[in-house]
Amino acid sequence: MSVVTLLDRVTDWARENICSKIMLKVPPDSEHAATDEGYEYERVHPAAFTMYVPTKEKLPPPVSPFPSLCVRLIEGEDNLAGNSGSVNVQFCFSTWSTGTHSQDEVFPRGDGTYRRGEQGAFSRNGDGWRDAWNFVDAALREVESVTNIEGYALDRLKPIKFGPLTEQESIPDFYPFWFAWMSFSLTYPITRNIREIENFL
């Protein structure tokens, strides 16, 4: 098993099966635009990165570090006696949201149908955390619905964990940026040619 290959494959899987299915707000080029009432915003499919999230100046346009999913290896273990290995993988989620736009809201009409709010109205608030957790929910649905990811078996005996980004056991305020994570374990077989044994074959 190659660690690099595993990470690349899991990142490709996350890009196709999670990021391509959702759209989230991307920060505008002008910071002042995001403070204007009624500013226009754009939604994009989150980017998927491996191990580290590059800063914006290191990315080709229009790729942005927000929103994004980053695939990280937490730790791995090869059990030579059992000819198997396992890795703990973490998905780190980052989103950006300054508040609620009226077109995000859904209102019942009374006849069983719904309408979206009018475009333009904007309410600055701390509800942007919902974007990060909707992102986590989408990832949980996809991971929990498969038995393997790109040939690496999902270890169903170990729990899938998730939570907010914390610093010294508290949730920091990075408004308007929001962060969360989830982790799970993958297993794989190990095949090695033992040199000392090969000499006797």
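Some values worked out for this structure:
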quantity: Met23 accessible area, 1.4 Å probe, all protein chains in place, Å² to nearest 10; calculated: 100
quantity: Proximal lysines to Lys58, defined as alpha-carbon separation beneath 21 angstrom and excluding residues fewer than eight positions away on the same chain; calculated: Lys25
quantity: Accessible area, probe 1.4 Å, largest first, for residues Val63, Val143, Val4; calculated: Val4, Val63, Val143
quantity: Surface accessible to a 1.4 Å probe, Lys161 within the full protein complex, Å²; calculated: 110
quantity: Karplus-derived 3J(HN,Hα), 6.51/-1.76/1.60, for each residue of the stretch 78-83, Hz, glycine and proline x; calculated: 10, 9, 5, 5, x, 6
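The values are calculated or read from the model by the stated rules, or taken from the named source; none is laboratory data. The model shown is predicted, which means the values in this text are computed figures rather than measured ones. For accessibility, only protein heavy atoms count, side chains too; no ligands or nucleic acids. Shrake-Rupley method; radii C 1.70, N 1.55, O 1.52, S 1.80 Å.
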